[in-house]
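The values are calculated or read from the model by the stated rules, or taken from the named source; none is laboratory data. Keep in mind the model is a prediction, meaning the values are calculated, not measured. Backbone-built Cβ (ideal geometry, glycine too); neighbour counts: all protein chains shown.
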Amino acid sequence: MPQEPPEVQVSPGGAADLPALTSIYNHYVRETAITFDTVVFTPGERREWLLSHPEDGPHRLLVARDSRGGAVLGYATSGPFRPKPAYTTSVELSVYLAPGAVRRGVGTLLYKRLFEALAGEDVHRAYAGVAEPNAASTRLHERFGFRRVGTYREVGRKFGRYWDVTWYEKDLGQG
């Protein structure tokens with residue numbers, strides 16, 4: 001794996017991060033098919049999402065900050081895979097980076113720290129859906145040992161076209 005960027009610090013996200021996290025997410029809502037949300041959010045509208053990621057437990061939010069100035073560079077989350085009780089030992093992961101933070105090792109560092117945080121939790125499998133094409137996300141997930149388990153064809157419509165989503169799975173050997 002690439003060397004960790006020394007100017008980046010990772011810690012749990014909190015209320016003070018919400019405006020920056022919302023701004024990063026809204027970039028992907030407006031500009032990409034990486035998320036299938038189609039309308040941008042206000043920080044207030046994202047508050048419930050923030051609160052669903054406590055500092056401990058299987059559903060985490062980790063934030064990467066530039067240690068020289070404190071700017072939020074990106075974030076990674078683990079959240080419920082599905083809402084039914086039998087799915088509680090599975091999590092769905094995602095990572096979003098500020099446009100200026102891509103290709104600097106920030107996503108790799110966030111995932112590394114997220115997996116470290118999940119190591120003591122009752123989590124058996126991690127899943128990630130990648131809207132295609134997205135070579136960078138595919139590389140990131142494969143680097144962390146995810147394996148491709150299938151593709152939903154034309155499952156989402158955004159920007160006047162249909163998009164495929166490829167699903168990846170990682171055995172966490174826990175739970």
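Set side by side, the residues 127, 75 differ, and just one is among the aromatic types (Phe, Trp, Tyr), in contact with a helix residue (DSSP H, G or I) (Cβ under 9 Å, 6 or more places away or on another chain) and either closer than 24 Å to residue 29 by Cβ or part of a helix (DSSP H, G or I) (or both), which is 75.
Residue count for segment 141-161 satisfying the condition of being within 18 Å of residue 28 (Cβ to Cβ) and more than 19 Å from the chain's Cα centre (by Cα): 6.
With respect to the conditions (1) modelled with pLDDT of 95 or more; (2) closer than 16 Å to residue 20 by Cα; (3) surrounded by 18 or more Cβ atoms within 10 Å (Cβ to Cβ), residue 49 lacks only one, and its number is (3). Identify all residues within segment 119-140 that are under 14 Å from the mean Cα position of the chain (by Cα), surrounded by 18 or more Cβ atoms within 10 Å (Cβ to Cβ) and aliphatic (A, V, I, L, M); write none if there are none. 126, 128, 130, 131, 140, listed by residue number. Would you call residue 56 closer than 25 Å to residue 100 by Cα and part of a loop (DSSP other than H, G, I, E, B)? No.
Close contacts from segment 149-167, counting a first residue that is of a type in the set (Val, Ile, Thr) and a second that is not in a strand (DSSP E or B), with Cβ to Cβ under 8 Å and a gap of 6+ residues or different chains, come to 151/132; 165/132; 166/132; 166/138. Only a single item in (1) touching a helix residue (DSSP H, G or I) at 6+ places or on another chain (Cβ under 9 Å); (2) surrounded by 15 or more Cβ atoms within 10 Å (Cβ to Cβ); (3) over 18 Å from residue 74 (Cα atoms) is not met by residue 143, and it is number (2). Report yes if some residue within segment 93-100 is part of a helix (DSSP H, G or I), small (Gly, Ala, Ser) and within 15 Å of residue 12 (Cα to Cα); otherwise report no. For segment 93-100, residues part of a helix (DSSP H, G or I), small (Gly, Ala, Ser) and within 15 Å of residue 12 (Cα to Cα): absent.
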